[in-house]
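The block underneath contains the structure these notes are about, expressed in structure tokens.
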Amino acid sequence: MLRLGSLEIAAPAVMGILNVTPDSFSDGGRFDKPDDALRQATTMVEDGAAIIDIGGESTRPGAKSISQQEELDRVVPVIESIRAVTDVPISVDTSKPLVMREAVAAGADMINDVLALQAEGALTTAVSLHVPVCLMHMRGTPRTMQEDPRYRDVIAEVRSFLAERVDACVAAGLAENLIVIDPGFGFGKSHAHNVELLANLRQLRVRDRPLLIGISRKSTLGALTDRQTDERLAASIAAAVIAAMQGAEIIRAHDVKATVDALKVARAARETGGNL
Ligand code: PT1
């Protein structure tokens, strides 16, 4: 069992992706209407998602930022409508303090911040909300992050960033047991960097905090398989299993049903304590 404050989930768990962006890289805005979003969320819960992650602002490479009001208008009604029909844990994928506050007021249970609470006011807001927070590593901003990213040692640099953010958050009063960390696949990393991170997840562990991995359908998997985004299921499952076999606790995924099945196999194999 993974415990994050009062939130308890069986690990490895699947966090189902619900994009409510008209320009999402993978779903292409298919779930931008509240009804569609609710149907998609319900299906993901039936398929075994332990958490539903709702994002109103795309952070894929090249994406532009949107206004606070636009993000609130996209995210809050969807959180309310999901919360009205199920008690599934909901996380909100945002970097904006007001969106964090309004999302939690609407029923969200967790904050997923690709800026690791570095935006003005985000850290104090998160501390005051007393909910679990995912701190992700990103180099640069979504608009420019894929312009020749370089590292001397990508594993050491991602790890030390995450360690510094965990320390800063704990120093600011965020309970350590609410923190999750994420290496941020595709956020200012080359395909080789992403593969190196995936192969070395154990080295990223900071203060024994749980790891969240978001690699589903990402371009590195496309480069490895020469597949378009909607044909990356097998590659995404392989990456999820590679992460789970190293102990990653939360896998953020589009294809919930298939990922849940794959992680059941990974979990059973790990639990034998064999030579894995
Ligand atoms: C992630 C993540 C996220 N990814 C967390 N939140 C996205 N915690 C949004 C590509 O290379 O990994 N962890 N929220 C989506 N971002 C991307 C990045 C989508 C890169 C696509 C790519 O294709």
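Nothing in this text is a laboratory measurement; each read-out follows from the coordinates by a stated rule. Just so you know, these numbers come straight off a predicted model, no measurement behind them. Glycine also receives a Cβ, built like all others from the backbone with ideal geometry; neighbour counts cover every protein chain displayed.
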>> If I ask for residues that are under 17 Å from the mean Cα position of the chain (by Cα), assigned to a helix (DSSP H, G or I) and free of Cβ contacts under 8 Å to residues at least 40 places away in the same chain, which ones from the range 241-276 would you list?
In response: Val241
>> Suppose we filter the range 67-94 for residues that are within 21 Å of Gly5 (Cα to Cα) and either assigned to a helix (DSSP H, G or I) or within 16 Å of the ligand (Cβ to nearest atom) (or both); how many remain?
In response: 8
> So which residues in the range 4-23 are assigned to a loop (DSSP other than H, G, I, E, B), touching a residue at least 40 places away in the same chain (Cβ under 8 Å) and surrounded by fewer than 24 Cβ atoms within 10 Å (Cβ to Cβ), if there are any at all?
Replying inline: Gly5, Ala10, Ala11, Asp23
> Among the residues of the range 156-168, how many are hydrophobic (A, V, I, L, M, F, W, C) and more than 15 Å from the ligand (Cβ to nearest atom)?
Replying inline: 3
>> Quick check on the range 127-155: of everything there that is closer than 29 Å to Met100 by Cα and part of a helix (DSSP H, G or I), which residue is nearest to the ligand (Cβ to nearest atom)?
In response: Leu129
> If you go through the range 198-242, how many residues are within 11 Å of the ligand (Cβ to nearest atom), within 20 Å of Asn112 (Cα to Cα) and not hydroxyl-bearing (Ser, Thr, Tyr)?
Replying inline: 7
> How do the pairs read when you match residues in the range 168-180 that are closer than 11 Å to Pro210 by Cβ with residues anywhere that are of a type in the set (A, V, I, L, M, F, W, C) and part of a helix (DSSP H, G or I), using Cβ under 6 Å and keeping only pairs 6 or more apart or on different chains?
Replying inline: Ile179/Val166
> Of all residues in the range 220-276, which are within 24 Å of Ala192 (Cβ to Cβ) and among the hydroxyl-bearing types (Ser, Thr, Tyr)?
Replying inline: Thr220, Thr225, Thr229, Ser236
> For the range 82-100, which residues satisfy the criterion of being farther than 23 Å from Ile9 by Cα and surrounded by 17 or more Cβ atoms within 10 Å (Cβ to Cβ)?
Replying inline: Ser95, Lys96, Pro97, Val99
> Would a scan of the range 117-125 turn up a residue that is over 21 Å from Asp167 (Cα atoms), within 16 Å of the chain's Cα centre (by Cα) and either within 16 Å of the ligand (Cβ to nearest atom) or surrounded by fewer than 22 Cβ atoms within 10 Å (Cβ to Cβ) (or both)?
Replying inline: no
> Given (1) more than 14 Å from the ligand (Cβ to nearest atom); (2) surrounded by 20 or more Cβ atoms within 10 Å (Cβ to Cβ), where does Phe187 come up short, assuming only one miss?
Replying inline: (1)
> Restricting the range 190-220 to residues that are in a helix (DSSP H, G or I), over 17 Å from the mean Cα position of the chain (by Cα) and not polar (S, T, N, Q), which is surrounded by the most Cβ atoms within 10 Å (Cβ to Cβ)?
Replying inline: His193
